[in-house]
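Peer 1: Take this structure, written in C-alpha cells, and hold onto it; I'll ask about it next.
The values are calculated or read from the model by the stated rules, or taken from the named source; none is laboratory data. A quick note: this is a predicted structure, and the numbers were derived from the prediction, not measured. Positions of Cβ are backbone-derived with ideal geometry, glycine not excepted, and every protein chain shown enters the neighbour counts. Please note that ligands, DNA and RNA were not included when accessible areas were found on the heavy atoms of the full protein model with its side chains. Shrake-Rupley method; radii C 1.70, N 1.55, O 1.52, S 1.80 Å.
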Amino acid sequence: AISLSAIVTRYPLGLLDSLNAMVYFDWQQKQSYNFVSWQRTYDHWQFHAMLFWNPRSNPVAGADRAGNSLYGGRGFVLMAVWNI
C-alpha cells in the first residue's frame, strides 16, 4: 500500500492564464512528486506547458508495458487543445 499526502493549488494570472501546481509526498519512500503547469485559454483553444520532476522509480504513476516508469525523472510537455 502507498501512503500519500497531496496539495493542489490553482492561481489565476488573469482572464486567460492560470498557474497550477501539485505536490504528492510518499511517506513510506520519503519522496515527493512534483507537477507545475501553465494554461492559456482562448475561445476554442487551450495551450498548456507542463513540468514534472519525480523520482525515477515512480510507483504512484504506474508503468508502461515495458515496465518503464511513467512520468519518472524530469520532463516537460507542451500541448495544444482545440475544443468544438
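Peer 1: Would you please list the contacts, defined by Cβ atoms under 9 Å and residues six or more apart or on different chains, that run from a residue in the stretch 19-41 that is over 15 Å from Met79 (Cα atoms) to a residue that is surrounded by 15 or more Cβ atoms within 10 Å (Cβ to Cβ) and among the charged types (D, E, K, R)?
Peer 2: Here the result reads Ser32/Asp26; Tyr33/Asp26, each pair linking the stretch 19-41 to a residue that is surrounded by 15 or more Cβ atoms within 10 Å (Cβ to Cβ) and among the charged types (D, E, K, R).
Peer 1: Something else: For the list (1) open to solvent by 80 Å² or more (accessible area, probe 1.4 Å); (2) in contact with a Phe, Trp or Tyr (Cβ under 7 Å, 6 or more places away or on another chain), I need the number of the one condition that Trp27 fails.
Peer 2: Unmet for Trp27, out of (1) open to solvent by 80 Å² or more (accessible area, probe 1.4 Å); (2) in contact with a Phe, Trp or Tyr (Cβ under 7 Å, 6 or more places away or on another chain): (2).
Peer 1: Name the one entry in Val81, Val77, Val36 that is closer than 20 Å to Leu4 by Cα, at pLDDT 90 or above and not small (Gly, Ala, Ser).
Peer 2: Going through Val81, Val77, Val36 in turn, the sole match is Val36.
Peer 1: What's the number of the only condition in (1) open to solvent by less than 60 Å² (accessible area, probe 1.4 Å); (2) modelled with pLDDT under 95; (3) in contact with a Ser or Thr (Cβ under 9 Å, 6 or more places away or on another chain) that Ser3 fails to meet?
Peer 2: The number of the failed condition is (3).
Peer 1: Just the residues that are closer than 28 Å to Ala1 by Cα and outside any strand (DSSP E or B), please, taken from the stretch 12-33.
Peer 2: Residues satisfying the conditions are Trp27, Gln28, Gln29, Lys30.
Peer 1: Can you find, within the stretch 39-69, the residue that is modelled with the highest pLDDT among those that are under 27 Å from Ala1 (Cβ atoms) and open to solvent by 70 Å² or more (accessible area, probe 1.4 Å)?
Peer 2: Per the stated criteria, the residue is Trp53.
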